[in-house]
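Read the structure below first, then the notes.
The values are calculated or read from the model by the stated rules, or taken from the named source; none is laboratory data. Just so it is clear, the structure is predicted and the values come from calculations on it, not from any experiment. Cβ: placed from backbone, ideal geometry, glycine included. Neighbour counts: every protein chain shown. These area figures cover heavy atoms from the full protein model, side chains too; ligands, DNA and RNA do not enter into them. Shrake-Rupley method; radii C 1.70, N 1.55, O 1.52, S 1.80 Å.
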Amino acid sequence: MDERYNPTKIEQKWQKAWEDAQLFKVELDPAKPKYYLMEMFPYPSGKIHMGHVRNYTIGDVVARYKKMKGHNVLHPMGWDAFGMPAENAAIANNSHPATWTYENIDYMRTQLKRLGFSYDWDREIATCRPDYYRWEQWLFLKMYEKGMAYRKEAYVNWCEPCQTVLANEQVEAGMCWRCGKPVQQKKLWQWFFRITDYAEDLLAHCDQLPGWPDKVTTMQKNWIGRSQGAEINFPVENSDTVIAVFTTRHDTVFGATFMCLAPEHPLVSQLARGTGQEAAIDAFIERISRQDRSSKALESYEKEGVFTGAYCINPMNGRRMPVYAANFALMEYGTGAVMSVPAHDQRDFDFAKKYGLDIVVVIDRPGDPLNASQMTEAYTEDGVMVHSDSFDGLANRDAMEQIADQLEARGIGRRAISFRLRDWGISRQRYWGAPIPVIHCPDCGIVAVPEQDLPIVLPEDVGLLDGGRSPLPGLDRFTRTTCPRCASPEARRETDTMDTFVESSWYFERYCSPHCDHAMFEREAVDYWMPVDQYIGGVEHAILHLLYSRYFTRVLRDTGLVQFKEPFTRLLTQGMVCKETMTCPEHGFLFPEQVRETDRGMACTLCGKAVVPGRVEKMSKSKRNVVDPNILLDQYGADTTRLFCLFAAPPERDLEWSDQGVDGSARFLNRVWRLAYDWHPRVAVVKPYDGRPDELEGDLRELYKKSHQVIDKVTRDIEDRFHFNTAISAVMELVNQMYGIDDTDRPQAAEVMRHALESAVLLLSPIVPHFAEEIWHNLGHGQSILLAPWPDFRQDALIQDEATIVVQVNGKLRSRFTASMGTGEDILKQAALTDEKVLKFIEGKTVRKIFVVPDKLVNIVV
RNA sequence: GCCUGGGUGGCGGAAUUGGUAGACGCAAGGGACUUAAAAUCCCUCGGUGUAAUACACCGUGCCGGUUCGAUUCCGGCCCCAGGCACCA
């Protein structure tokens, strides 16, 4: 055994040995229990960053642990390879998105290999390859056939000077990030998936995912946002038109005094016609259409609206209600129309105050009646119905049912359920994505590409146009085609590509049989491996990616391709790795090397201006606050890097990056190494002690018991809660105790030490596999440690003889003493009451009560 | 703004079911070894008071509550992070 721990040497050696032995290759094996472990695949952005290292280290530990526990473990890796950054990089470097992407994949693969992760690389996939996305196109056709994919008009961010669609990320304070000109909203025909068909089912099953964190299912439930209420029809005055409204508060319908329509509601222009309000309405719609339409922006706008000039009639009481176009009414939610009840809704109240509209109380506060003219805010609590005809006097909750009955009986409305969830818009007017496989024919309209013509390959020998515009619409050899139905030569291909979330919604099925060339996947492989037993990834994907994946699995099931509807049995959402950003007033986000220290603080090396330390945010390329793990790998090696990532924090917690502490992890491995080296001559020639602890004496018995306790602790930490940080500290305690063992030649010392050392190495092996493998082999084992069984602990070694009893007086710690385990309550009470230190606090006082927690604590109340 | 989390020493964190707050580690300070450095080993290390290692008080973002007892449960607030539908 080498005297010094040399990470570079042993990591290269074992990585090669594992590869030669195909240690991570996995095949379908019905004889073994399967375990499908998957981490979220990376976007090939250039280099692996610390967030990846953390994510994949967590996964690798679980994979190796499960393998040692005897499972047949599928642990794959791939690349989420389509997306916008590749286009941006191509523009910046005057190259092609594909070149950039494939180069990044090659580089990042070597980085992952250098970290020693146990992936079956034969299963690697990249979503930008036609052999992957052809099956996505195939599924799109199935969905189109079944009406699950459809087209409708929707808004996009549009930059007129650049003539291009912008992603939300490319809009900075309402301006185009390239040219700085204002961004407009433009309506385009786009493709959607009907995820709302599954809203009810996706919601209901949130409660049947016990292996998911509650916070994620809660977020998903709120995102889907089921509301129970009523749809009510309000006839427009002097017209056949009816405005349909969805409300959850139909108990307040008698208090509806005006109507608000979303600015893009089709009735807005129609109603304004001939009222003299056309100009005002047009101006309002025009102005709103220029605003950012993201929900966070919409929520921040001041409530405002414009009268359409039209009135509608409240069908319950005949009240004449002015109809407004208002910016807080959302076309995507409900029917796009809001019956406004200012007395009982705060937004409506603010709006009524602003425009001088009537406020009518219809639910009164019990015991303290409301006066509409004196209200300063809406009353949204429960109460008693007033000004509501025959419903007066009822509790509003009861009235809700009766009003719904009456709406249905009179045919002016019905009970209804509305969801916040909207259909999934998948069209992207971008180049670097999977082409949507449809053809536009002047005679037949939309025609699906015949299955045998798939894949529709993205042409690669093209460049991006000015401003990052997709070259596809102008690329004749791509767009020109003949109609598959009528053979018209005027037919044109769809030039929109699919949202990259589509690729990541089914890649876990593809991993089961990644080379399958006659279907999305081999049925047998998916039936064996799926669902994923454990999925691990960033909490930032808690809603969209996970919801889309759950939706896609339902689509696959209803297409008869799989038999389950939830893709991930257990989910671990790891916290983000964050770091402070550096911002220069002139150059924006700076790389650390662009910042230098001066007497007056940080300065930008480009312009010398003072740098503002920014906020601590998720590491991201665009914020220039990523840490390159290569520096750690060069300096410390893979095992120390892995160890440190896990030791720094429990996985679900956010981690603010700091280099401090890495030394400690390296030091620990060196300590273990030295211990193994020093004891090597003696432990290598004996078997690990395997007897009862009470046959040992003193420090050897304590060490032996400690080994078993640590095996128990580490196993529970990994199995139950993935708390590797506490697992590691438990092993550190064991190692510290091993250092305390006296080096004389007591016959059992070497055996007990061997047991302790083997235990420590086995427990550490999923975390620091190269390191553990080397010591394992030096102890005389011929096979990889990954093939060794996970250590067991013996119950009789966990038994403690004595307990420390804490004595409190009035809940404050005053003394402590030791007692043998299982000492009776009366004896403990007596011991506490006669304790010298305790006497000081109870002398002259009346003891009122004594609480005893056996083997733990006595609390004396005086 | 809305939804979801989080806030514990100088720092990362521990306390798993309401029962000893600060395990394990980092940094810092002191010491040993060494010609020296590195490495290693030992000691101290939440705050305040005091001659003190003994002792007392305070202390888990802030305010209040429940309880014999609260980092843990409840109510209100502050701050930070993530998501908010075209970043992935």
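Key figures
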| read-out | value |
| --- | --- |
| In segment A:512-588, GluC sites (Glu not before Pro) in a DSSP loop with at most 12 other beta-carbon atoms within 10 Å | A:Glu586 |
| Rounded to the nearest 10 Å², the accessible area of A:Tyr636 at probe 1.4 Å | 40 Å² |
| Separation of alpha-carbon centers, segment A:374-396 and segment A:794-850, rounded to whole Å | 60 Å |
| Neighbourhood charge, 13 Å Cβ-Cβ cut-off, centred on A:Trp135 and excluding it, Lys, Arg +1 and Asp, Glu -1 | -3 |
| In nm, spacing of pseudo-spin labels at A:Arg347 and A:Asp131 (7 Å Cα→C-beta vector) | 5.1 nm |
| Listed peptides A:749-758, A:468-477, A:261-270 by packing density, highest first (mean Cβ within 10 Å) | A:749-758, A:261-270, A:468-477 |
| Centre separation in Å (Cα based) which lies between segment A:144-172 and segment A:488-509 | 14 Å |
| Charge dipole magnitude, Cβ of K and R +1, D and E -1 - chain A, Cα centre, debye nearest 20 | 700 debye |
| Computed accessible area, A:Phe591, all protein chains, 1.4 angstrom probe, square angstrom | 80 Å² |
| Ratio of the Cα radius of gyration of chain A to 2.2 N^0.38 Å, where N counts its residues | 1.18 |
| Accessible area in square angstrom per residue, chain A, 1.4 angstrom probe | 44 Å² |
| Calculated [θ] (222 nm, deg cm²/dmol) that DSSP helices of n ≥ 4 give over chain A, each run adding -39,500 (n - 2.57) | -10500 deg cm²/dmol |
| Accessible area, probe 1.4 Å, largest first, for residues A:Val685, A:Val672 | A:Val685, A:Val672 |
| Contour excess over end-to-end distance, with Cα ends at A:Phe564 and A:Ile631 and 0.36 nm allotted per residue | 19.8 nm |
| A:Gln22 versus A:Asp690: modelled label distance in nm, points set 7 Å from Cα along the beta carbon direction | 3.3 nm |
| Charge sum, other residues only, whose C-beta stays under 10 Å from A:Ala81's C-beta, Lys/Arg counted +1 and Asp/Glu -1 | -1 |
| Karplus-derived HN-Hα couplings along segment A:148-156 (A = 6.51, B = -1.76, C = 1.60, θ = phi - 60°), whole Hz, x at Gly and Pro | 7, 10, 8, 10, 8, 7, 8, 7, 10 |
| Sites matching GluC sites (Glu not before Pro) across segment A:128-223 that sit in DSSP coil, with at most 14 neighbouring C-beta atoms within 10 Å | none |
| DSSP beta bridges in chain A [antiparallel fraction, %, rounded to 5] | 75 percent |
| Chain lengthening between A:Asp801 and A:Asn93 when straightened (0.36 nm per residue, less Cα-Cα) | 247.9 nm |
| Label-point separation in nm, A:Ala280 to A:Asp654, each point 7 Å along Cα→Cβ | 4.5 nm |
| FRET efficiency, A:Asp826 to A:Lys69 (Cβ-Cβ, R0 51 Å, nearest 0.05) | 0.65 |
| Pairwise centroid distance, computed over Cα atoms, of segment A:732-756 with segment A:41-56, Å | 40 Å |
| Restricting segment A:269-374 to GluC sites (Glu not before Pro) in coil, as DSSP defines it, with at most 13 other Cβ within 10 Å | A:Glu302 |
| Segment A:Asn778-A:Glu124, extension gain: residue separation times 0.36 nm, minus the distance between their alpha carbons | 232.1 nm |
| Surface share of carbon and sulfur [accessible, 1.4 angstrom probe, percent] for chain A | 48 percent |
| Helix runs (DSSP H) in chain A reaching 24 Å along axis by Cα, Kyte-Doolittle at least -1.0 | A:50-68, A:662-683 |
| Area of A:Asp214 that stays accessible when all protein chains are in place (1.4 Å probe, Å², to 10) | 120 Å² |
| 5 angstrom amide H check on A:Asp364, placed H, neighbours 5+ away | A:Val384, A:Met385, A:Val386 |
| Built amide H within the under 5 Å cut-off of A:Leu166, gap 5+ | A:Asn157, A:Trp158, A:Cys159 |
| Phi-based couplings in Hz for segment A:178-191 (Karplus 6.51, -1.76, 1.60; Gly and Pro marked x) | 8, 9, x, 8, x, 8, 10, 9, 10, 8, 9, 6, 9, 8 |
